[in-house]
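Only one structure is covered here, and it is reproduced in the block below.
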Amino acid sequence: MTHMSRTIACILATVAVAVPQSAAAHAELSSSTPRDGSVVKLLPNRVTLELSEAVKKPAFVVVSDESGKRINSDTVRVSGRTVSSAIADRAGRGRFTISYRLVSSDAHVVSGTLKFSVPRGSASATPSPSAAAPTSISGESVSSKSRDSVSDTAGIVFILVALVVMTGLSVLILLRLTGRAGKD
């Protein structure tokens with residue numbers, strides 16, 4: 001095997017190892033009931049989160065009122081892409097926070113925070129079917145996005161920079177070897 005063949009084989013092996021094996025997108029929250037930032041007339045009986053991929057157990061969802069008191073059940077129901085938890089304490093009015101930490105079927109952690117409120121003059125009862133319908137969370141606030149998306153982006157940037165550096169080094173080595181081959 002010549003120097004050129006070995007160099008090309010090394011470059012190809014380096015690129016094959018450096019390129020991520022899976023370019024699939026990670027799971028993300030696609031909808032919730034109630035939706036992030038919404039004002040609902042009635043405190044729902046349960047909160048529901050839907051992801052873009054299936055969810056594995058364990059799944060953690062905490063719904064808290066303005067004082068930080070947990071108002072949902074410790075039990076979280078997981079069914080395919082949907083996660084839900086019953087509201088146990090019918091406290092009823094004010095601002096509420098849904099915090100979640102879930103593991104998607106591809107083993108990526110999806111976590112975040114959603115906020116909704118029930119106006120002070122509202123009753124605390126079961127919502128109508130139209131109020132409970134899932135609503136898309138397009139345009140969700142930065143605070144409600146998965147904290148893992150920052151580390152995912154950093155990982156992608158690191159891989160791309162490493163790939164550029166390795167490619168540059170491979171080209172330099174190739175140029176030196178071809179320069180030597182011409183001198184031999």
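What follows is calculated from the coordinates using simple rules that are stated; it is not laboratory data. What you are looking at is a predicted structure, and each value in this text was computed from that prediction instead of being measured. Here the Cβ is made from the backbone with ideal geometry for all residues, glycine too, and neighbour counts use every protein chain on show.
Taking the mean number of other Cβ atoms within 10 Å as a proxy for protection, how do you rank 28-35, 106-113, 81-88 from highest to lowest?
28-35, 81-88, 106-113
Given points 7 Å out from each Cα along the Cα-Cβ axis, report the Ser73 to Leu175 separation in nanometres with one decimal.
It is 6.7 nm.
Give me the net charge for the shell around Val61: Cβ to Cβ below 11 angstrom, other residues only, Lys and Arg +1, Asp and Glu -1.
So the environment of Val61 carries a net charge of +3.
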